[in-house]
């Protein structure tokens with residue numbers, strides 16, 4: 001069950017957002033919706049579903065593209081003048097921070113990001129996106145232009161009342177530290193890449 005807990009004004013370097021917190025089944029860590037402008041009614045807002053990545057989002061890790069994708073998404077929403085970024089508390093593709101760090105060590109020993117998760121007894125990706133759909137419904141959103149390279153996020157809307165009318169790719173720089181990770185996302189997890197998007 002999803003509960004809307006509190007709203008607050010959040011001025012950022014990208015613009016002034018409204019921050020809405022949701023609790024899912026009494027969990028301690030709330031999911032967050034950063035909302036810019038009017039997104040309900042006949043609007044088709046730009047929407048990014050972003051899973052928490054403390055190493056990338058907070059510490060600017062180059063092992064992944066999460067931090068830069070978060071920044072680019074907020075910048076794109078700001079340029080549009082309206083939109084929603086959903087920040088889901090699904091650290092490490094849903095395996096949690098400690099297990100993600102264990103997976104990092106396995107990657108340093110030669111496993112890729114998928115095999116590291118499997119070695120730890122998890123699926124390649126433990127995330128689910130039904131909560132994102134529920135959050136958007138609570139916000140009165142009926143159609144979205146989705147910022148993603150991940151087909152699983154698009155598929156989450158297949159049986160919902162929210163239409164995905166457009167997919168917009170996200171662009172992230174390739175570094176020596178994330179090159180293999182980005183390649184695995186494309187080749188083993190089916191992430192889409194076009195015009196340099198990763």
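Taken together, the residues in region 1-25 that are assigned to a loop (DSSP other than H, G, I, E, B) and in contact (Cβ under 8 Å) with a residue 12 or more places away in the chain amount to 3.
From 144, 131, 174, which residue is in the same structural domain as residue 53 (by TED's automatic domain parsing), outside any helix (DSSP H, G or I) and either within 26 Å of residue 22 (Cβ to Cβ) or modelled with pLDDT of 90 or more (or both)?
So the residue among 144, 131, 174 that is in the same structural domain as residue 53 (by TED's automatic domain parsing), outside any helix (DSSP H, G or I) and either within 26 Å of residue 22 (Cβ to Cβ) or modelled with pLDDT of 90 or more (or both) is 144.
Within region 32-48, restricting attention to residues that are surrounded by 19 or more Cβ atoms within 10 Å (Cβ to Cβ) and assigned to a loop (DSSP other than H, G, I, E, B), the residue that is farthest from the chain's Cα centre (by Cα) is 39.
Criterion first (assigned to a strand (DSSP E or B), surrounded by 15 or more Cβ atoms within 10 Å (Cβ to Cβ), in contact with a helix residue (DSSP H, G or I) (Cβ under 7 Å, 6 or more places away or on another chain) and touching a residue at least 40 places away in the same chain (Cβ under 8 Å)) does residue 87 satisfy it?
Answer is no for this residue.
Scanning region 92-108 for residues that are touching a strand residue (DSSP E or B) at 6+ places or on another chain (Cβ under 8 Å) and at pLDDT 95 or above yields a total of 0. Taking the condition exposed (fewer than 14 other Cβ atoms within 10 Å of the Cβ), over 29 Å from residue 122 (Cα atoms) and modelled with pLDDT of 95 or more, does residue 8 pass? Spelling it out, residue 8 is indeed exposed (fewer than 14 other Cβ atoms within 10 Å of the Cβ), over 29 Å from residue 122 (Cα atoms) and modelled with pLDDT of 95 or more. For region 109-122, the set of residues classified as in contact (Cβ under 8 Å) with a residue 12 or more places away in the chain and either touching a strand residue (DSSP E or B) at 6+ places or on another chain (Cβ under 8 Å) or assigned to a loop (DSSP other than H, G, I, E, B) (or both) consists of 112, 120, 122, listed by residue number. Annotation: residue 93 fulfils all but one of (1) buried (at least 17 other Cβ atoms within 10 Å of the Cβ); (2) more than 12 Å from the chain's Cα centre (by Cα); the unmet one is (2). The set of residues in region 20-52 that are at pLDDT below 95 and touching a helix residue (DSSP H, G or I) at 6+ places or on another chain (Cβ under 7 Å) contains only 24.
From the list 139, 79, exactly one residue is in the same structural domain as residue 35 (by TED's automatic domain parsing), modelled with pLDDT of 95 or more and closer than 27 Å to residue 3 by Cβ. Which is it?
Going through 139, 79 in turn, just one is in the same structural domain as residue 35 (by TED's automatic domain parsing), modelled with pLDDT of 95 or more and closer than 27 Å to residue 3 by Cβ: 139.
The values are calculated or read from the model by the stated rules, or taken from the named source; none is laboratory data. Nothing here was measured: the structure is a model prediction, and the numbers come from that model. Every residue, glycine as well, gets a Cβ built from its backbone with ideal geometry; the counts of neighbours run over all protein chains shown.
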